[in-house]
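The values are calculated or read from the model by the stated rules, or taken from the named source; none is laboratory data. Since the structure is predicted, the reported quantities are computational estimates derived from the model, not experimental observations. Please note: Cβ atoms are built from the backbone with ideal geometry, for glycine as well, and neighbour counts cover all protein chains shown. Each accessible area value is taken on the protein alone, full model and side chains, heavy atoms only, with ligands, DNA and RNA left out. Shrake-Rupley method; radii C 1.70, N 1.55, O 1.52, S 1.80 Å.
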Amino acid sequence: MEGGTRGSGPGAVARRLRRVWTIVPAAAAVAALMAATAVVTAGKAAAQTAGTVSGRVVVAGTAQPVAGAEVTIQPLGRRTLTAEDGRFVLAAVPTGEWSLRVERLGYRPVVLERVVVRAGRPTELEIEVEETAVALPGVTVSAEQVRLVEPEVAVTRDVVVGRGLRELPLDRLQDAIELAPGVSDGHFRGGRVGQEAYVVDGIELKNQLEGSMHGFGLEFSPTSLEEVEVVTSGFGAEYGSALSGVVNLVTRRGSTERWEGRASLLTDHWAPDGLFRGFTGLSASAGGPLRALGTGTTLFADLLLQGMLDAEPRARGLTCLRPEDVGDSLAVQIRALRDDPLTRHLYCPYTAPRLPHQRGDKLIGFIRLDRPLSGGAILTASVLRNRLQRELYTQEFKYNPRHQLGQRTTGTLGTLALDLTRHRQGRAYRVTARAAFMRLDRYLGVLDRSSVDGRFEVAGFGPGRFRFLGEDVMLRQGATWTDPVPGYSAPGGEAGSPFGPGGYGLFFTRGTPPIANWTSTRMVGADLVGEAFSAGGVAVRGGLMARLYGIRALERVRAHEAGVAPIYNEFDPATLSGFAEVQVVTGDLHARAGVRVEAFRSGLDLTHDPDGGGPRVLTPGWKHSIMPRLGVALPVTAQTSFRANFGWVAQPPDFRYFMDTTLGDSLRTDIHRQGNPDLGFERGTAYEIGVSHSIGENTGVAATLFRKRLHELVSGSVAQEGGVIGRFELGDFGNVNGLELSVRAQWRGLLLRGGYALQKATGVTSTALSDPLADTSNVRVEFPLAFDRRHSMDLAVYAGRAAGRVETRWSAALRGRINSGYPLDRRLAGGSFNEFAYLPWTAGLDARVSRELGTLPGCDRCAWRVIADGRNVLGRHNIVGLRRETASLAPELARLREIAAEPMPGGEPIPWESPFYSRYADLDGDRMISAEEYATARFAAALDRFDPSLFFGEPRQIRVGVEVAF
């Protein structure tokens, strides 16, 4: 084994402390340098929680500039004065809609309402004022609605604002992210899962341990967010640790004027059995001023609770293979089994509208405090808490009455930010210091039934945590622990399934699954960013970021056996990065240039024997990457604009690839990959050109061509020259080419947004954990990847109050999607290297409608409405997977016959006295199971073992509920 193991003794602790403290002085020195130069370094505020408002104040009818006019954002009180040319800039304006007031002696005051500010984006205004000799009341006008075409924006992005998030039929933040063209099932523009970064209120975060397996790891409730921005290309130099995309999340803040809040309850517990999935969701949020802590101090809190009897429902529930699912030969066998009175009880003995052993619940809590300080500084603190726990349905254990796999994921994120902004005539300066703490813990193992069945629950949600057999012992042990995990036992069972002895070895009615895994990631991060803006259109920006990690991972396979050593690692990786960027506006041309420098260290020793002279321990050093980024945006006509981007991208690999790992499901635990702590950066180059065009005042369209070349990707299946197959190496590569089209339209009481993506993603292997390539002569040949979705279409429609028409009492929002199927691996179904089959197309339509009912009785400030929320309302049985060996829902008939032909236990007929006897397999009732009866029962058991339940997408779901707002 070359991946080293670090224990938890005093020596290991001392080593970790020494390594941490070697980073801190370097980080402090660079931070001091950046603090001294913050106001004169680098570009566009792309990852910010706020935007800028700039523009020009002129005399109405003459276009003469007005110097010295006071421009104020109300009610924030943020103000500046116009320069000699009438221009102004206001920085650090929070996202949302604000009023802007302009006044100067000798001119009539103007209040511009509904000025929309977006995170990291400039809002450009032209404001006319009237000269007057006497004081006159101010005039109030409305700002232009949200622009459908942004000629000054060079990046490809998609934004969903808070109101839209709260009106769409969404359970997860991921559903909103996938409204962006080119994003599908966690893949951004044909990239692997985990090739994206998340920016939360300006600080970049990532599940750096196992993002390629479990994504971000943290989840925000859609009702806790003010804005979700998805950037798929052209992201600025501030963004690192991402090859394919960036998701910028801006959380909500409390109102400075009064307390506002809402609470909603949605459930399907009213539904008939065919629609009942066991879902209940409670969501509540509130925010407002905390004047006891000072003027302008606000608090916002959000809570989401969900209880689920089936945490991942499927369109056919717990199902079985039907004649129409299989080929003609197997269909004949199924009909014979189903139609014979003696055997019909063996066909589909256990079906249900819901999958069994899938209970779970989710908790997401969020709180944010904003407090203005003296001197124009603002302090922001927030805490996010996640808990997702659930049972995991596995086919081989579905008849086990006691023991099931389960998983619990908990996450905590705390952030602290200090923002200092200064405004001068025509200029603004800003320095922001941020700190964050993140912890992610994931446990996969056998559930302790007493913690699931005996806990207090309301509608499926319980405050207690799921516990696991031997969990406390697992968390205390290290690399030398080889005792069986307490409570685990060998899987088996001669009887207990509906097939009696026919199910032996196919279903495990006794014992436990053999897996027990635990991972823990702790991260402490700090950012220092400086910005300078001029009203003339120049912005410079720069910063430094540091992330220090603590990783612990323990993996037990065959956890019921003694003498099996775990895979255990404890190490402390780190990343450091800095960036500088400048944005210049010259006439109509908006240009951006920047560079990012990033470095990481694995923190895990490497043991190897290069010359046969004995093992040596090496400590891998720092890996470095330099990433230039360029972007331009240019209006071609008053209605059309052009943009282009180029950039090098890179990210550290998932830290899990530094360690040895075991692959497989609940039973397949004999496939291993060797860790490699000396891995370097995964890299790529991205190109893009795009055009946007407005059609009249109500519609905007855009088209984007892109190409992404990725190389030095982690793979355990492809080795570099001199490398080892089965060890993680930087030997993979691929290309993604595509075209994206989008449309945005708005009319009174109706908003529409749609997108289409055509792309081709090719490479050598689809993931770092793909099966080794049998034909090594072809390892340099690319083929369609497992997530190569050629066509994807998304549509969101808002109507009534959801579209801003507040005088109506009804609201509706639709979300539709049509996708082509993913390709099957070239090794499936005996396909040749250049032959591919694809899964069928999938489609879905979700809808939410509501009706305002007026004032809630007994509460004059409270309004309430009823809500109906539907998922997959068309009831399509989308196929999302197929068998690896046949590229179909069913296994090969020959494989079923092979299983049925396996000899009986003991090789003789089974009498009723035998522990293997079961009346289910005694088809003629003579108290003896013959070889023919055994073969029939075993054939039926094999059919049931290969049930296709998990190959179908989500079912139709209808939920109703009520929401109260104040």
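With the checklist (1) at pLDDT 90 or above; (2) touching a helix residue (DSSP H, G or I) at 6+ places or on another chain (Cβ under 8 Å); (3) closer than 18 Å to residue 193 by Cβ in hand, flag the one item residue 792 doesn't pass.
The failed condition is (2).
Return the only residue of 495, 565, 516 being farther than 30 Å from residue 417 by Cα and buried (at least 24 other Cβ atoms within 10 Å of the Cβ). Reasoning before the result, please.
Working: 495 fails: buried (at least 24 other Cβ atoms within 10 Å of the Cβ); 565 fails: buried (at least 24 other Cβ atoms within 10 Å of the Cβ).
Of the residues listed, the single one that is farther than 30 Å from residue 417 by Cα and buried (at least 24 other Cβ atoms within 10 Å of the Cβ) is 516.
Within the range 294-310, does at least one residue satisfy the condition of being free of Cβ contacts under 8 Å to residues at least 60 places away in the same chain and either surrounded by fewer than 18 Cβ atoms within 10 Å (Cβ to Cβ) or within 30 Å of residue 374 (Cβ to Cβ) (or both)? Don't jump to the end; show me each part of the working.
Keep residues of the range 294-310 that are free of Cβ contacts under 8 Å to residues at least 60 places away in the same chain, which gives 310.
Applying the additional criterion that residues be either surrounded by fewer than 18 Cβ atoms within 10 Å (Cβ to Cβ) or within 30 Å of residue 374 (Cβ to Cβ) (or both) yields none.
Among the residues of the range 294-310, not one is free of Cβ contacts under 8 Å to residues at least 60 places away in the same chain and either surrounded by fewer than 18 Cβ atoms within 10 Å (Cβ to Cβ) or within 30 Å of residue 374 (Cβ to Cβ) (or both), which makes the answer no.
Could you please tell me which pairs satisfy a Cβ distance under 6 Å, a separation of 6+ or placement on different chains, a first residue in the range 751-762 that is closer than 20 Å to residue 697 by Cα, and a second residue that is in a strand (DSSP E or B) and open to solvent by less than 10 Å² (accessible area, probe 1.4 Å)?
Between residues of the range 751-762 that are closer than 20 Å to residue 697 by Cα and residues that are in a strand (DSSP E or B) and open to solvent by less than 10 Å² (accessible area, probe 1.4 Å), the close pairs are 752/745; 753/796.
Write out, first by first residue and then by second, each pair whose Cβ atoms fall under 6 Å of each other, whose residues are 6+ apart or on separate chains, and whose first residue, in the range 463-478, is over 29 Å from residue 304 (Cβ atoms) while the second is modelled with pLDDT of 90 or more and surrounded by fewer than 15 Cβ atoms within 10 Å (Cβ to Cβ).
Pairs found: 470/486; 473/486.
Inspect the range 301-310 for any residue being under 28 Å from residue 951 (Cβ atoms) and in a loop (DSSP other than H, G, I, E, B) and give the result as yes or no.
Scanning the range 301-310, I find at least one residue that is under 28 Å from residue 951 (Cβ atoms) and in a loop (DSSP other than H, G, I, E, B), so the answer is yes.
Cβ-Cβ below 7 Å, separation at least six or inter-chain, first residue in the range 377-388 and under 18 Å from residue 435 (Cβ atoms), second open to solvent by 60 Å² or more (accessible area, probe 1.4 Å): which pairs?
377/418; 377/420; 379/371; 379/373; 379/418; 381/416; 382/367; 383/367
What are the pairs, 6+ residues apart or on separate chains, where a residue within the range 535-550 that is outside any strand (DSSP E or B) has its Cβ under 9 Å from a residue that is among the charged types (D, E, K, R)?
535/56; 535/85; 535/87; 535/427; 536/85; 536/87; 537/87
Would you please name the residue that is surrounded by the most Cβ atoms within 10 Å (Cβ to Cβ), looking only at residues in the range 519-562 that are touching a Pro at 6+ places or on another chain (Cβ under 6 Å) and of a type in the set (Lys, Arg)?
That would be 556.
Do any residues in the range 313-328 that are free of Cβ contacts under 8 Å to residues at least 24 places away in the same chain have Cβ atoms under 7 Å from those of residues that are open to solvent by 30 Å² or more (accessible area, probe 1.4 Å) and not small (Gly, Ala, Ser), where the two are at least six apart or on different chains, and which pairs are they?
Sorted first by the residue in the range 313-328, then by its partner, the pairs are 323/335.
Taking residue 754 as the residue in question, decide whether it is under 22 Å from residue 210 (Cβ atoms) and surrounded by fewer than 20 Cβ atoms within 10 Å (Cβ to Cβ). Even if it seems obvious, please write down each step before you answer.
Values: under 22 Å from residue 210 (Cβ atoms): no; surrounded by fewer than 20 Cβ atoms within 10 Å (Cβ to Cβ): yes.
Judged against the criteria, residue 754 is not a match.
Kindly check whether there is at least one residue in the range 152-175 that is at pLDDT 80 or above, open to solvent by less than 10 Å² (accessible area, probe 1.4 Å) and assigned to a loop (DSSP other than H, G, I, E, B).
Yes, some residue in the range 152-175 is at pLDDT 80 or above, open to solvent by less than 10 Å² (accessible area, probe 1.4 Å) and assigned to a loop (DSSP other than H, G, I, E, B).
Take the conditions out of contact with any Cys (no Cβ under 9 Å at 6 or more places or on another chain), more than 16 Å from residue 253 (Cβ to Cβ) and either in a strand (DSSP E or B) or not basic (Lys, Arg) (or both) and apply them to residue 410. Does it pass?
yes
Which pairs turn up if I take residues in the range 858-882 that are under 30 Å from residue 259 (Cα atoms) and outside any strand (DSSP E or B) and look for partners that are open to solvent by 20 Å² or more (accessible area, probe 1.4 Å) and not β-branched (Val, Ile, Thr) with beta carbon separation below 8 Å, at least 6 apart in sequence or on another chain?
As it stands, the answer is 859/966; 861/966; 862/856; 862/965; 862/966, since those pairs meet every condition given.
Determine whether the range 900-916 contains at least one residue that is over 16 Å from residue 318 (Cα atoms) and under 44 Å from the mean Cα position of the chain (by Cα).
For the range 900-916, residues over 16 Å from residue 318 (Cα atoms) and under 44 Å from the mean Cα position of the chain (by Cα): present.
If residue 472 meets every condition in (1) charged (D, E, K, R); (2) under 30 Å from the mean Cα position of the chain (by Cα); (3) more than 29 Å from residue 205 (Cβ to Cβ); (4) surrounded by 16 or more Cβ atoms within 10 Å (Cβ to Cβ) apart from one, which number is that one?
Every listed condition holds for residue 472 apart from (4).
Counting just the residues of the range 340-363 that are in a loop (DSSP other than H, G, I, E, B) and of a type in the set (D, E, K, R), which one comes out nearest to residue 941 (Cα to Cα)?
That would be 340.
If you check 484, 463, which single one turns out to be at pLDDT 90 or above, under 31 Å from the mean Cα position of the chain (by Cα), farther than 30 Å from residue 350 by Cβ and in a loop (DSSP other than H, G, I, E, B)?
On the way: 484 fails: under 31 Å from the mean Cα position of the chain (by Cα).
Result of the check over 484, 463: 463.
Is it the case that the range 356-366 has a residue that's touching a residue at least 40 places away in the same chain (Cβ under 8 Å) and among the small types (Gly, Ala, Ser)?
The answer is yes; a qualifying residue exists.
Matching residues to (1) open to solvent by 20 Å² or more (accessible area, probe 1.4 Å); (2) polar (S, T, N, Q); (3) assigned to a loop (DSSP other than H, G, I, E, B); (4) outside the structural domain of residue 159 (by the TED database):
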position: 58; (1), (2), (3), (4): no, no, no, yes
position: 68; (1), (2), (3), (4): yes, no, yes, yes
position: 72; (1), (2), (3), (4): no, yes, no, yes
position: 85; (1), (2), (3), (4): yes, no, yes, yes
position: 91; (1), (2), (3), (4): no, no, no, yes
position: 120; (1), (2), (3), (4): no, no, yes, yes
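Looking at the range 621-657, which of its residues are touching a residue at least 60 places away in the same chain (Cβ under 8 Å), among the small types (Gly, Ala, Ser) and open to solvent by 20 Å² or more (accessible area, probe 1.4 Å)?
644
Each row is one residue, and each column tells you yes or no for (1) surrounded by 15 or more Cβ atoms within 10 Å (Cβ to Cβ); (2) of a type in the set (Ser, Thr, Tyr).
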position	(1), (2)
904	yes, no
917	yes, yes
920	yes, yes
924	no, no
929	yes, no
932	no, no
939	yes, no
945	yes, no
956	yes, no
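If I go through the range 438-460 residue by residue, how many of them are open to solvent by less than 50 Å² (accessible area, probe 1.4 Å), farther than 30 Å from residue 919 by Cβ, charged (D, E, K, R) and not in a strand (DSSP E or B)?
Total meeting the criteria: 2.
Looking at 204, 219, 238, which one is within 26 Å of residue 439 (Cβ to Cβ) and at pLDDT below 90?
On the way: 204 fails: at pLDDT below 90; 219 fails: at pLDDT below 90.
Only one candidate qualifies: 238.
For the range 391-407: of the residues being assigned to a strand (DSSP E or B) and open to solvent by 20 Å² or more (accessible area, probe 1.4 Å), which is nearest to residue 380 (Cα to Cα)?
In the first step, residues of the range 391-407 are kept if they are assigned to a strand (DSSP E or B); the result is 391-392, 405-407.
Still in the running and open to solvent by 20 Å² or more (accessible area, probe 1.4 Å): 392, 407.
Working: 392: 39, 407: 33 Å.
Going through the qualifying residues, I end up with 407.
Examine the range 897-908 for a residue that is charged (D, E, K, R), out of contact with any helix residue (DSSP H, G or I) (no Cβ under 8 Å at 6 or more places or on another chain) and assigned to a helix (DSSP H, G or I), and state whether such a residue exists.
Among the residues of the range 897-908, at least one is charged (D, E, K, R), out of contact with any helix residue (DSSP H, G or I) (no Cβ under 8 Å at 6 or more places or on another chain) and assigned to a helix (DSSP H, G or I), which makes the answer yes.
Filter the range 515-528 down to the residues that are within 20 Å of residue 656 (Cβ to Cβ) and of a type outside the set (A, V, I, L, M, F, W, C) and list them by number.
Correct list: 517, 519, 520, 521, 522, 525.
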